[in-house]
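**Student:** Before anything else, here's the structure in question.
What follows is calculated from the coordinates using simple rules that are stated; it is not laboratory data. The structure presented is a predicted model; accordingly, all values stated were derived computationally and were not measured. Here the Cβ positions follow ideal geometry from the backbone for every residue, glycine too, while neighbour counts run over all protein chains shown.
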Amino acid sequence: MLLTPRNSPGCSLYLITPLLSVGDADAFARVFAEVVGAAAIACALVRLAPVTQTDAKAIVAPVLRAAVAADCALLIESDGRLATRLGADGVHINGAGADLVAAVESLKPERIVGAGFLRTRDEAMTAGELGADYVMFGEPHRGATMTELQSLAERVGWWAEIFETPCVAYADTIAAASALAGAGADFVALGEAIWSRPSPSEAAREAQAALAGVGAKVP
């Protein structure tokens, strides 16, 4: 299975959830359904707090239903076996080591295997060579500086110019998302920039419009 932009050509939205637990699962599932209904979201990554297998199913099931209804691929962070068991579309692995090799061997081509937490260009190239369906640059954190954004945009531009494997770039803000889309990212990942807003649905529509505006500027 390949991850492809919803609005090709151009840059599509990729969402990263907060760390989810049983206590906040129902409330988040309702918000998530509203967001994927309000904007075209190509993919969402579910991050789970430490939970039991039973709790994981209870958390993911309503999110997965909303994702399927919206034609949004749903990935689980780190645990390929859990992704398969829950019927998710794939897994997101941190690093380009043994865990990525195992996920590629066990899940592809039926499911998506993405790679993130790639600290060097060599590590990103290794992830691509191992068969990752995408590489992600940047991770959720607060207060990115202009220097960090510039460095991230440079890495995105380098990758987009040379490699065919899709690139996901994580943005702390919607303004940063526009900059990374302009640098050549196939997908821009947003987390707290969506979920922390009074209206996450409105924020998602704003992000979609921002990316569409970048695409409209491309000759």
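**Student:** Answer yes or no as to whether Glu77 is free of Cβ contacts under 8 Å to residues at least 40 places away in the same chain and at negative phi.
**Tutor:** So Glu77 passes the test.
**Student:** Right, another one. Looking at (1) over 15 Å from the mean Cα position of the chain (by Cα); (2) more than 27 Å from Gly157 (Cβ to Cβ); (3) among the polar types (S, T, N, Q), which is the one condition that is false for Thr120?
**Tutor:** Thr120 satisfies all of (1) over 15 Å from the mean Cα position of the chain (by Cα); (2) more than 27 Å from Gly157 (Cβ to Cβ); (3) among the polar types (S, T, N, Q) except (2).
**Student:** For the stretch 33-89, how many residues meet the condition of being out of contact with any Lys or Arg (no Cβ under 9 Å at 6 or more places or on another chain), closer than 24 Å to Ser199 by Cβ and of a type in the set (D, E, K, R)?
**Tutor:** The qualifying residues number 3.
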